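Here's the structure we're looking at; comments come further down.
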Amino acid sequence: MILLRNIGLLVTCRPDSGQNNLHAIPHASLVWSAGRIVWAGPDDQVPATLGTLVMEDAGGRMVVPGLVDCHTHLAFGGWRADEFARRVRGESYAEIARSGGGILSTVRATRAAGEAVLAARADEMLTRMMALGVTTVEAKSGYGLTVADELMLLRVYQQLAARGPVRVVPTVLGAHTVPPEFASDRAGYLRLLTEELLPRVAAMELARYCDAFVEQGAFTVEEARQVFRAASSLGMRAKLHADQLTSSGGAELAADVGAVSADHLEHVSDAGIAAMAAAGVVAVSLPIASLYLRQPPLPARKLLDAGVPVAVATDFNPGSAPSYHLPLAMTLACTTQGMTPAEALKGATIVAARAIGEEANIGSLEEGKAADFAVIDAPDVDHWLYHFRPNACVRTVIGGRTVWRGSE
Ligand code: NIG
Ligand code: FE
């Protein structure tokens, strides 16, 4: 049993009483055993009944739950710096996609890279994310777009999840865009997804969730509904790329199909917000993507006021969000969307855990949960997200094991 004492501020992120309430305890201790939290509370109240403890000292620093990046496209081939330069000059994301670039350019590079290279690159990214305090990452396929290549991406995630230490939650995103082989046969691609890919993914237990990009130039609401119907019959719940570039009924569809989350939402309608609130769908804000594509910010205040919890994630991918820096996304959620630092932290911990169905296991520092946490060199959450730095995380712990230490 290990006791970490002298924590300046233990930010528990307990889920009750609203997204702005962090339930932080000053001068605190945290006790864990066999990877799980046994006790969390004030330094002067550690129960004597806990038995023999190995003592560690947090040096007065802040401890937060391990960050949960609940929306990434972790494994991909190549990069797209050329498109970044084109967009800066005024070409739009949709125009670049129509000219054969965009997602399809990464599909070509991903198919060419092969499984070993994709796994090594994704592993490297996970290591860098871990150094920022990230302990769980949702990871989507979607750059293969053949049965074999989608399965390859999901096998990469399966390997990384099995190896650890970062927890990886896989999502199948076969419905990312229609691949060139099916450019004149959309119905054929939908049959491939619903009759071949999804059944095989389910049979091999390669994905927990099924995502679809609902947008002009990607999939219509009715097409995505077909995909989600098949996924649901196979035991996979829906997640959506919704209302990112245009208001296209994505949020309403998320509510309709009982999705666990609807992500992006820069152009969500008032009806979509109301529908999400009624259906209990979590919103996922991806402010790095909004910034890079110069989209308006997700209306976080409207969503929160309507009772929709708002998670914050990176959307890490080579096109719209070429950064895995979750604390940057949290700072941007504050500056561009009007979320408070407290809301942004809960958005990247307990609310993000809910967006991947893991809220019973991770996302807050409470008895019984996994001992996943980050030691942050800042006096409190306001200061951490205000004073943006390359990295304020000095130690990352997953399942009770220290997996990263920075210079203190
Ligand atoms: O979440 N919008 C669709 N998918 C990704 C971008 C993928 C890409 O550009 O490669 C996103 O923004
Ligand atoms: Fe995305």
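The values are calculated or read from the model by the stated rules, or taken from the named source; none is laboratory data. None of these values were measured; they are calculated from a predicted model. No Cβ is skipped: glycine too gets one built from the backbone with ideal geometry, and neighbour counts run over all protein chains shown. All accessible areas refer to the heavy atoms of the entire protein, side chains included, with ligands and DNA or RNA removed. Shrake-Rupley method; radii C 1.70, N 1.55, O 1.52, S 1.80 Å.
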Q: Compare the Cα positions of Met129, Ala275, Tyr157 along the charge dipole of region 67-354 (+1 at Cβ of Lys, Arg; -1 at Cβ of Asp, Glu; about the Cα centre) and return the one farthest towards the positive end.
A: Met129
Q. Of the lysine pairs in the chain, how many meet both conditions: Cα atoms under 22 Å apart, and a spacing of 8 or more in sequence or different chains?
A. 5
Q | Antiparallel DSSP beta bridges within the chain, as percent of all bridges there, nearest 5 | A | 45
**Q.** Dipole of region 67-354, positive direction: furthest Cα of Ala242, Gly102, Gly114, with charges on the beta-carbon
**A.** Gly114
Q. How much of the accessible area of region 1-90, in percent, comes from carbon and sulfur atoms when a 1.4 Å probe is used?
A. 56
Q) How much length is gained on full extension from Glu366 to Ser99, taking 0.36 nm per residue of separation minus their Cα-Cα distance? A) 91.1 nm
Q.
Given points 7 Å out from each Cα along the Cα-Cβ axis, report the Ala306 to Val117 separation in nanometres with one decimal.
A. 4.3
**Q.** Cβ-Cβ FRET estimate between Glu56 and Ser17, R0 fixed at 30 Å, reported to 0.05
**A.** 0.50
**Q.** Per residue value of the accessible surface for region 67-354 (all protein chains in place, 1.4 Å probe), Å²
**A.** 33
Q: Multiply the residue separation of Ala161 and Thr336 by 0.36 nm, subtract the distance between their alpha-carbon atoms, and state the gained length in nm to one decimal.
A: 59.7 nm
Q: Taking each pair of different alpha-carbon atoms in the chain once, compute 1/r for the pair, average those values, and report the inverse of that mean as the Kirkwood hydrodynamic radius in Å to one decimal.
A: 21.3
Q.
Quick check: residue separation of Ala278 and Met1 times 0.36 nm, minus the Cα distance between them. What number comes out in nm?
A. 95.4 nm
(Q) Taking the Cα centre as origin and putting +1 on Lys and Arg beta-carbons and -1 on Asp and Glu beta-carbons, what dipole magnitude results for region 67-354, to the nearest 20 debye? (A) 460
(Q) Tell me the Rg and the Dmax, in Å, that the Cα atoms of region 252-408 produce. (A) 15.8, 49
Q: Name the most mobile residue of Val117, Val375, Val166, meaning the one with the largest mean-square fluctuation, in a Gaussian network model of the chain with Cα contacts below 10 Å.
A: Val117
Q. Which value at 222 nm does the chain reach when only helices count, each DSSP H run of 4 or more adding -39,500 (n - 2.57), with the total divided by all residues and rounded to the nearest 500 deg cm²/dmol?
A. -10000 deg cm²/dmol
